[in-house]
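Reviewing the structure listed below.
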Amino acid sequence: MPADGTTPDTGSQARAATLLHRPKLWLVPTVLTGLLVLLLSLLYMGGIVNPQRDLHDLPIALVNADRGKPLPGQKENLGRQISAAITADTSNDKAQWRTRTLRQAQDELDSGKVYGALVIPADFTDSVAALTTAKATERPEITVLTNPGKGSLGSSLASQITTTAAHQASQNIGKQLTTADADSRTKLLLADPVNVTTEVGHPLGDHSGLGLSAFYYTLLLVLAGFLGSNVISNGVDTSLGYADNEIGPWHTRLPTVPINRTQTLLLKMAMTAGITLISVSIVMLAAVGILGMDATHIPLLWIYSYCATLAVGLGVQAINAAFGGIGQLVSMFVFIVLGLPSSGATVPLQAVPDFYRFLSHFEPMRQLSDGVRAILYFDARGDAGLTRAWTMIAIGAALGLLFGFAMTAYYDRKGHKRLTPQPA
């Protein structure tokens with residue numbers, strides 16, 4: 001370096017205006033950006049554009065508690081007639097009606113197995129029969145029960161289906177009751193005699209985001225695992241001299257530490273396991289402690305959150321080790337881009353195209369969100385999705401470890417070194 005401290009002239013510098021005229025410089029970024037934007041648009045919008053069109057077999061409980069005697073000239077009471085008509089209707093496959101007792105229906109609401117319920121009360125036929133006599137005091141009722149724990153959209157779709165079925169049943173009953181000699185007021189009452197009421201079948205707290213807090217909390221866990229692992233990976237590579245460290249105008253390159261790929265991956269995964277303890281604690285402190293999100297089973301929620309985030313982190317480290325520079329992009333698609341529309345946390349899986357239902361069988365975000373929802377909304381019941389979530393977390397973590405170390409061991413055996421070591 002010259003005595004005056006200036007940088008020696010190494011030749012003429014390239015100018016941006018000149019480089020912009022090079023077609024090859026534009027080709028790869030343009031093609032990749034276009035493909036990424038196209039895929040993101042199709043994947044994200046494809047799952048929510050028309051849930052009514054894609055809706056099939058949404059689980060809804062059907063409860064017939066009617067114990068009244070059949071009306072004159074009929075073989076069955078009205079409750080049985082309504083139930084038979086609903087379950088026999090093959091023209092509409094939007095709902096999967098599950099005939100249950102009231103206790104069974106409540107249990108399935110409390111475990112998140114159904115999105116709602118239609119309840120015909122025990123005195124229904126007797127209340128309808130009284131409409132045509134002087135004993136009529138109030139309109140008979142059919143109750144629609146919602147389940148906000150399954151998400152606001154899913155609960156709303158179930159409510160629409162059950163309400164429509166109840167009103168259809170009311171109109172059919174009206175046709176049976178209306179007589180030619182009835183006065184106009186009576187005819188108006190009997191044309192639609194049943195009052196349909198809506199109640200919450202499985203209430204949530206006021207700080208549950210109308211059933212969306214489980215989804216956003218799951219998203220936090222996935223992002224914590226994804227971002228944390230990438231930060232750790234870049235930090236380790238920089239510290240070991242395998243990547244440049246550039247902050248603003250300052251640029252450094254540390255001496256390269258001789259280490260193979262397998263040992264590097266082991267180091268990154270060990271650091272991921274340690275740092276995840278801190279990140280998960282911060283997530284819970286912010287969500288539950290500061291913002292007041294409704295949450296029970298706090299110790300279980302913390303353990304589950306740690307294991308879920310760690311499984312994501314191990315998977316990201318494995319993908320980065322296997323794919324190198326594009327690993328971050330690959331892991332983003334695996335854990336976030338494909339995971340969001342197939343999670344079933346915002347749009348029910350019964351209301352998305354078949355492609356997303358296929359993805360939901362193995363995409364991590366769906367597995368994690370089922371467990372979070374079970375802990376937050378359904379009393380940490382195993383049959384609410386928690387057992388399956390734990391199983392998939394164990395499988396995912398095992399696959400991440402197996403895939404990551406298998407690939408690095410292969411690269412090491414083939415002598416694929418990352419960089420030529422630099423002298424200190």
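What tally of residues in the stretch 383-419 results from selecting those that are over 20 Å from Leu221 (Cα atoms) and either of a type in the set (Ser, Thr, Tyr) or part of a helix (DSSP H, G or I) (or both)? Explain how you work it out, then say what you get.
As a first pass, look at the stretch 383-419 and keep what is over 20 Å from Leu221 (Cα atoms): 383, 402-419.
From what's left, either of a type in the set (Ser, Thr, Tyr) or part of a helix (DSSP H, G or I) (or both): 383, 402-413.
Residues in the stretch 383-419 being over 20 Å from Leu221 (Cα atoms) and either of a type in the set (Ser, Thr, Tyr) or part of a helix (DSSP H, G or I) (or both): 13 in total.
How do the pairs read when you match residues in the stretch 395-413 that are more than 17 Å from Thr272 (Cα to Cα) with residues anywhere that are open to solvent by 50 Å² or more (accessible area, probe 1.4 Å), using Cβ under 7 Å and keeping only pairs 6 or more apart or on different chains?
Thr408/Arg261; Tyr411/Arg261; Asp412/Asn260; Asp412/Arg261
Of the residues Thr346, Thr309, only one is outside any helix (DSSP H, G or I) and either at pLDDT below 95 or within 24 Å of Ala380 (Cβ to Cβ) (or both); which? Steps first, answer last, please.
Numbers: Thr309 fails: outside any helix (DSSP H, G or I).
Going through Thr346, Thr309 in turn, just one is outside any helix (DSSP H, G or I) and either at pLDDT below 95 or within 24 Å of Ala380 (Cβ to Cβ) (or both): Thr346.
Look at Leu220 and say whether it is part of a helix (DSSP H, G or I), among the aliphatic types (A, V, I, L, M) and either touching a Phe, Trp or Tyr at 6+ places or on another chain (Cβ under 7 Å) or open to solvent by 20 Å² or more (accessible area, probe 1.4 Å) (or both).
Numbers: part of a helix (DSSP H, G or I): yes; among the aliphatic types (A, V, I, L, M): yes; either touching a Phe, Trp or Tyr at 6+ places or on another chain (Cβ under 7 Å) or open to solvent by 20 Å² or more (accessible area, probe 1.4 Å) (or both): yes.
The answer is yes for Leu220.
If we scan the stretch 219-226, do we find a residue that is touching a Gly at 6+ places or on another chain (Cβ under 9 Å), modelled with pLDDT of 90 or more and not aliphatic (A, V, I, L, M)?
Yes, some residue in the stretch 219-226 is touching a Gly at 6+ places or on another chain (Cβ under 9 Å), modelled with pLDDT of 90 or more and not aliphatic (A, V, I, L, M).
Tell me whether the stretch 323-333 contains one or more residues that are under 15 Å from the mean Cα position of the chain (by Cα), surrounded by 17 or more Cβ atoms within 10 Å (Cβ to Cβ) and either modelled with pLDDT under 95 or among the basic types (Lys, Arg) (or both). Talk me through it step by step, then tell me what you get.
Of the stretch 323-333, the ones under 15 Å from the mean Cα position of the chain (by Cα) are none.
The answer is no; no qualifying residue exists.
Report every pair of residues separated by at least 6 positions or lying on different chains whose Cβ atoms are under 9 Å apart, first residue within the stretch 18-37 and over 19 Å from Phe333 (Cα atoms), second modelled with pLDDT under 85 and part of a helix (DSSP H, G or I).
What qualifies is Leu25/Leu19.
The values are calculated or read from the model by the stated rules, or taken from the named source; none is laboratory data. Just so you know, these numbers come straight off a predicted model, no measurement behind them. FYI the Cβ positions are ideal-geometry reconstructions off the backbone, even for glycines, and counts take in every protein chain you see. The accessibility values were calculated without ligands, DNA or RNA, using every heavy atom of the protein model including side chains. Shrake-Rupley method; radii C 1.70, N 1.55, O 1.52, S 1.80 Å.
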